[in-house]
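Engineer: Pasting a structure below so you can have a look.
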Amino acid sequence: MPTPDWDSFLDTLRASADYRGQIAHVEKLPARAARFADLSRPLHPRLMAALRTQGITRFYVHQAAAIDAVRSGRNVAVVTTTASGKTLTYNVPVLESILTDAGTRALYVFPTKALAQDQLRKLNALDLFPHVRAGTYDGDTTQEERRTMRRAAQIVLTNPDMLHVGILPNHTLWASFLMGLRYVVIDEVHTYRGIFGAHTAHVIRRLRRLCRHYHSEPQFILCSATIANPEEAAHKLTGLPFHIVRDDSAPRGEKTFVLWSPPPIGQGTRGKEPPSTLNLQPSTIVRRSANAEAADLFARLVQQQVRTIVFTPARVTAELILKYARDQLSHPTTRGLADSIMSYRAGYLPEERRAIERQLFDGTLLGVSATNALELGVDIGGLDAVIMVGFPGSISSTYQQAGRAGRGLQPSLAVLVAREGAIDQYIVRHPDYLFGRGSENVVIDPQNIYILAAHLLCAADELPLDERDKEIFGEQITDLCERLRDGGLLTKRDRWYWTGPGRPQDQINLRSASGSGYDIRLTSRGNELLGTVDAARAFDTVHEGAIYLHRGDAYRVTRLDVEGRTAYVEPVQVNYYTQPMTNIATSVGEVERERPLPSGVSLKFGTVNVTTQVIGYREVQQFSEQVLAVHSLDLPPSEFETRGFWLCIAENLALELRAAYDLLGSLHAAEHAMIALLPLVATCDERDVGGVSYAFHPDTRTPTIFVYDDYPGGAGIAEKACENVETLLQRTLEALESCPCADGCPACVQSPRCGSNNQPLDKVGAAALLRRLLVNS
């Protein structure tokens, strides 16, 4: 299509018959010219010629600074925006070293296989073979290819999972490679947060340990989207100090960024103003589905031949939006366009994902509805527009997703479609939060003892542990090794040896705290493998009766074999999807620290024991989001120890709340809103944390609100929120006070995850409680 005129496109939307004031805010992100700099010394002639064939004759300021810093021997972290040319900051020094010394080896670590394969294509495009030999090493690599890689490859591109289960346990086969290892590149560092970040931090420490064994000490080169704490994140991920490069000097085209708020259902007149300015005061406000709004926009853009990507928060959402958009594009006037869009998410088989990537790159597909699996830098060709269904959980991820459109100087469109939840509605009403401040911190917690203990077992299997390993894993490993010995997993002779059954690496899933996942099999095709689901989400996603969506088609789970870790499904035609309902109970473990808050409230942080049980599910009608039915389930509970904070309400404040409001409803509403807004103070997804409220808790003997990391051992998220609790409380109060509903709605205190069906909730009482907690702030 010609250069888009996004102002005209928005005017067309405003003039359409079904417009209801959804455009809440428009921000123009101005174009920016490039700034260039020279390297401190010329490149190797062969590399210079190869870059010239790709049209690269100059380097941006940040590229030159990073390349020179790597040349000087420093560990370097490059923190710049999407499409700023970060790949060259590691490819150039690595390739220069290999062309100078053929014995140089480099390990590239990417969070996904797709990104590794995409980067290999870019390396091969430089046409430096046979002087440079590179290849991907992942689960799709054949045995013959693996032998060739170990023997001959100078650059190995892999992912943390394969490094964990394929390379480190077999390090004797990689001895020659590890002895020559000079560079370790870790790309997309901003994705290594929470549990995945904690696991990967220990995989990297295990790699450093084996490098020490083989007398190598590689430099580390890290790349990340913009984050607030690059020094801290890089250190926690690797255990090493870093030089930071962050002067982003790449060019960019103008971006039109729209905040889109779905209208309240039943809004009778066509209004031009955003919903937040409407004088509506019902007891609760229910908005049109963000999924339906996003599908409408998706279909409109595709009809105009605009290449578009829709980012969704979950697998089921990606499939729903594909279905909704295809329904709209199946009209006789748009015949053929329905086949020009596809969904893309984890759980698809590898060959399915590769085919979709190729079709996006070559233009066969006009659009895709995707989870954040495509947020990262996989080259899928030039895109014109991005639609984000809901706030992605951080400012960094928001700009990372928005940056997938408009590569180069082409004007582009980004639309954030707000969901009903509190955090999305907060951003719609406070756009300065998104456009007027920098990125958040990335939270990595390598001190999770469950994760550390698991990786100590792996390290002991790879090479017996000794006193020197305290330098890498920390002083606490002696105590942990003794506890693991008591469990029969380690034995002590001169060093600590693995004595458990099999390989410990096979029992650890880096993407989860819950071990291996569940297969999803299609009964009508002889139990053919349809997809997979993480074990931690299995009871939520593939319980009996659940609707599982795959490539736009619906399947009902007919049986869940918990022991066999398999869900069996059959195809169905239904007009609803399913939402799980969960019950939660907590008990206090160890109080690590506490401090007083106003009104006699005590804030405590420490270990929390959590019991969760999926007790049922709702059938939710597509488009309208109406609950059609509620069903009970009888699934086993799961128990784990984690870390969290809790607010103990003083007796006098509890008496005041009980006299004027519903006490439990006030606590419950405040808990929901705090959890919904927690990503504003600690980078995470709302689903990374959990919470529960009590009018009286037997351990604290007071009314209590708990907020905790929803992972065994914790992930550092609740701790970061606890450190910034006044900010969290203030933003929660702002959200409640700015929401136009009277009694509470999905935009402020209601939660779709609530196992007690959002009962009781007292929005007014929650606001009163928050004011008392902030009286001196």
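Engineer: Out of all the residues in segment 546-573, which are under 17 Å from residue 318 (Cα atoms), of a type outside the set (Ser, Thr, Tyr) and open to solvent by less than 60 Å² (accessible area, probe 1.4 Å)?
Structural biologist: 546, 547, 549, 550, 552, 554
Engineer: Every residue in segment 600-631 that is polar (S, T, N, Q) and either under 17 Å from residue 708 (Cβ atoms) or at pLDDT 95 or above (or both), please.
Structural biologist: 602, 607, 609, 611, 612, 613
Engineer: Another question, if that's okay. Determine which member of the set 128, 157, 123 is at pLDDT 95 or above, closer than 24 Å to residue 85 by Cβ, open to solvent by less than 20 Å² (accessible area, probe 1.4 Å) and in a loop (DSSP other than H, G, I, E, B).
Structural biologist: Going through 128, 157, 123 in turn, just one is at pLDDT 95 or above, closer than 24 Å to residue 85 by Cβ, open to solvent by less than 20 Å² (accessible area, probe 1.4 Å) and in a loop (DSSP other than H, G, I, E, B): 128.
Engineer: Let me ask another. Collect the residues in segment 748-776 that are assigned to a loop (DSSP other than H, G, I, E, B) and surrounded by fewer than 23 Cβ atoms within 10 Å (Cβ to Cβ), keeping them in residue-number order.
Structural biologist: Passing the criteria: 751, 752, 753, 755, 756, 757, 758, 759, 760, 774, 775, 776.
Engineer: Let me ask something else about it. Which of the residues that make up segment 131-154 are in contact (Cβ under 8 Å) with a residue 12 or more places away in the chain, open to solvent by 30 Å² or more (accessible area, probe 1.4 Å) and assigned to a loop (DSSP other than H, G, I, E, B)?
Structural biologist: 131, 133, 139, 140
Engineer: Within segment 611-644, which residues are free of Cβ contacts under 8 Å to residues at least 24 places away in the same chain and not charged (D, E, K, R)?
Structural biologist: Answer for segment 611-644, where residues must be free of Cβ contacts under 8 Å to residues at least 24 places away in the same chain and not charged (D, E, K, R): 626, 627, 629, 632.
Engineer: Here is a follow-up. Out of all the residues in segment 377-414, which are of a type in the set (D, E, K, R) and modelled with pLDDT under 85?
Structural biologist: Scanning segment 377-414 gives 379, 407.
Engineer: Looking for whichever is more than 30 Å from residue 771 (Cα to Cα), free of Cβ contacts under 8 Å to residues at least 60 places away in the same chain, not in a strand (DSSP E or B) and not small (Gly, Ala, Ser) here; the options are 569, 557, 574. Which one fits?
Structural biologist: 574
Engineer: Tell me which residues, restricted to segment 632-656, are under 21 Å from residue 705 (Cα atoms), open to solvent by 30 Å² or more (accessible area, probe 1.4 Å) and not in a strand (DSSP E or B).
Structural biologist: 651, 652, 655, 656
Engineer: A further question follows. Check off (1) within 26 Å of residue 353 (Cβ to Cβ); (2) of a type in the set (Phe, Trp, Tyr); (3) in contact with a Cys (Cβ under 9 Å, 6 or more places away or on another chain) for residue 496 and give me the number that stays unchecked.
Structural biologist: Single failed check for residue 496: (1).
Engineer: For segment 704-747, which positions are part of a loop (DSSP other than H, G, I, E, B), touching a Gly at 6+ places or on another chain (Cβ under 8 Å) and not hydrophobic (A, V, I, L, M, F, W, C)?
Structural biologist: 710, 711, 714, 716, 746
Engineer: So how many residues does segment 664-682 have that are open to solvent by less than 10 Å² (accessible area, probe 1.4 Å) and part of a loop (DSSP other than H, G, I, E, B)?
Structural biologist: 1
Engineer: A further question on this structure: Do the conditions hold for residue 173, that is, is it open to solvent by less than 40 Å² (accessible area, probe 1.4 Å) and either more than 22 Å from residue 393 (Cα to Cα) or touching a Pro at 6+ places or on another chain (Cβ under 8 Å) (or both)?
Structural biologist: In short, no.
Engineer: While we're looking at this one, here's another question. Within segment 207-223, is there a residue that is crowded, with 19+ Cβ neighbours inside 10 Å and either over 29 Å from residue 453 (Cα atoms) or at pLDDT below 95 (or both)?
Structural biologist: Looking through segment 207-223, none of the residues is crowded, with 19+ Cβ neighbours inside 10 Å and either over 29 Å from residue 453 (Cα atoms) or at pLDDT below 95 (or both).
Engineer: Quick one: would you say residue 505 is under 27 Å from the mean Cα position of the chain (by Cα), surrounded by fewer than 19 Cβ atoms within 10 Å (Cβ to Cβ) and of a type in the set (S, T, N, Q)?
Structural biologist: It is false that residue 505 is under 27 Å from the mean Cα position of the chain (by Cα), surrounded by fewer than 19 Cβ atoms within 10 Å (Cβ to Cβ) and of a type in the set (S, T, N, Q).
Engineer: Could you list, in sequence order, the residues of segment 104-117 that are closer than 15 Å to residue 184 by Cα and either open to solvent by 10 Å² or more (accessible area, probe 1.4 Å) or free of Cβ contacts under 8 Å to residues at least 12 places away in the same chain (or both)?
Structural biologist: Answer for segment 104-117, where residues must be closer than 15 Å to residue 184 by Cα and either open to solvent by 10 Å² or more (accessible area, probe 1.4 Å) or free of Cβ contacts under 8 Å to residues at least 12 places away in the same chain (or both): just 105.
Engineer: Next up: Where residues in segment 190-206 are modelled with pLDDT under 95 and in a helix (DSSP H, G or I), which of them is nearest to residue 443 (Cα to Cα)?
Structural biologist: Per the stated criteria, the residue is 194.
Engineer: Here are some conditions: (1) open to solvent by less than 30 Å² (accessible area, probe 1.4 Å); (2) closer than 26 Å to residue 456 by Cβ; (3) out of contact with any strand residue (DSSP E or B) (no Cβ under 6 Å at 6 or more places or on another chain). Residue 241 meets all but one. Which one does it not meet?
Structural biologist: Against the list (1) open to solvent by less than 30 Å² (accessible area, probe 1.4 Å); (2) closer than 26 Å to residue 456 by Cβ; (3) out of contact with any strand residue (DSSP E or B) (no Cβ under 6 Å at 6 or more places or on another chain), residue 241 comes up short only on (1).
Engineer: Let me ask you something else. Only residues that are among the acidic types (Asp, Glu), surrounded by 21 or more Cβ atoms within 10 Å (Cβ to Cβ) and part of a helix (DSSP H, G or I): list them for segment 414-452, please.
Structural biologist: 424
Engineer: Need pairs with beta-carbon distance below 7 Å; first residue more than 10 Å from residue 644 (Cβ to Cβ) and open to solvent by 10 Å² or more (accessible area, probe 1.4 Å) and within segment 701-712, second part of a loop (DSSP other than H, G, I, E, B) and at pLDDT 95 or above; sequence gap 6+ or separate chains.
Structural biologist: 702/649; 703/649; 703/695; 703/696
Engineer: Failed condition for residue 588, given (1) among the β-branched types (Val, Ile, Thr); (2) open to solvent by less than 40 Å² (accessible area, probe 1.4 Å); (3) within 30 Å of residue 773 (Cβ to Cβ); (4) in contact with a strand residue (DSSP E or B) (Cβ under 6 Å, 6 or more places away or on another chain), with all others met?
Structural biologist: It fails just one condition, (4).
The values are calculated or read from the model by the stated rules, or taken from the named source; none is laboratory data. This one's a predicted model, so the numbers in the text were calculated from it and none came from an experiment. Ideal geometry is used to build each Cβ from the backbone, glycine not excepted, and the neighbour counts take in all protein chains shown. Heads up: the accessible areas ignore ligands, DNA and RNA and are worked out on the full protein's heavy atoms, side chains in. Shrake-Rupley method; radii C 1.70, N 1.55, O 1.52, S 1.80 Å.
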